[in-house]
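Trainee: Sharing a structure with you now.
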Amino acid sequence: LALSAAALALAAAIALPLGWWAFRSARAEAVVGVLLNGVQVVPALALFGLLIPLLSALLGAAPWLRAAGLEA
């Protein structure tokens, strides 16, 4: 519980000033938007990269999935 509270406090300490800055300035909004979009995309790409070998292994173990239309 303490670890979660500390993480929430740290996130709020970073997010609240950035949000206020972006609210007050259109230029800051663009900068913060680009940074946050980049932070959001990187984990999705990493997860996709991890799922490719798993899908290949699954298709190797269950060839009937290829017949069903799945390709790796």
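Trainee: What do you get when you divide the Cα radius of gyration of region 15-72 by 2.2 N^0.38 Å, with N the number of residues?
Mentor: 1.94
Trainee: Compute the accessible area per residue over the chain, keeping the other protein chains in place, probe 1.4 Å, unit Å².
Mentor: Details: 6020 Å² over 72 residues.
Ligands and nucleic acids excluded, the figure is 84 Å² per residue.
Trainee: Further question on the same structure: Which length gain, in nm to one decimal place, applies between residue 2 and residue 26 when the Cα-Cα distance is subtracted from 0.36 nm times their residue separation?
Mentor: Here the segment from residue 2 to residue 26 would lengthen by 5.0 nm.
Trainee: Hey, what do the phi angles of region 30-41 turn into as Karplus ³J(HN,Hα) couplings, whole Hz, using 6.51/-1.76/1.60 and θ = phi - 60°, x for Gly and Pro?
Mentor: 5, 5, 5, x, 5, 5, 5, 5, x, 5, 6, 7
The values are calculated or read from the model by the stated rules, or taken from the named source; none is laboratory data. Since this is a predicted model, take the numbers as computed values, not measurements. All accessible areas refer to the heavy atoms of the entire protein, side chains included, with ligands and DNA or RNA removed. Shrake-Rupley method; radii C 1.70, N 1.55, O 1.52, S 1.80 Å.
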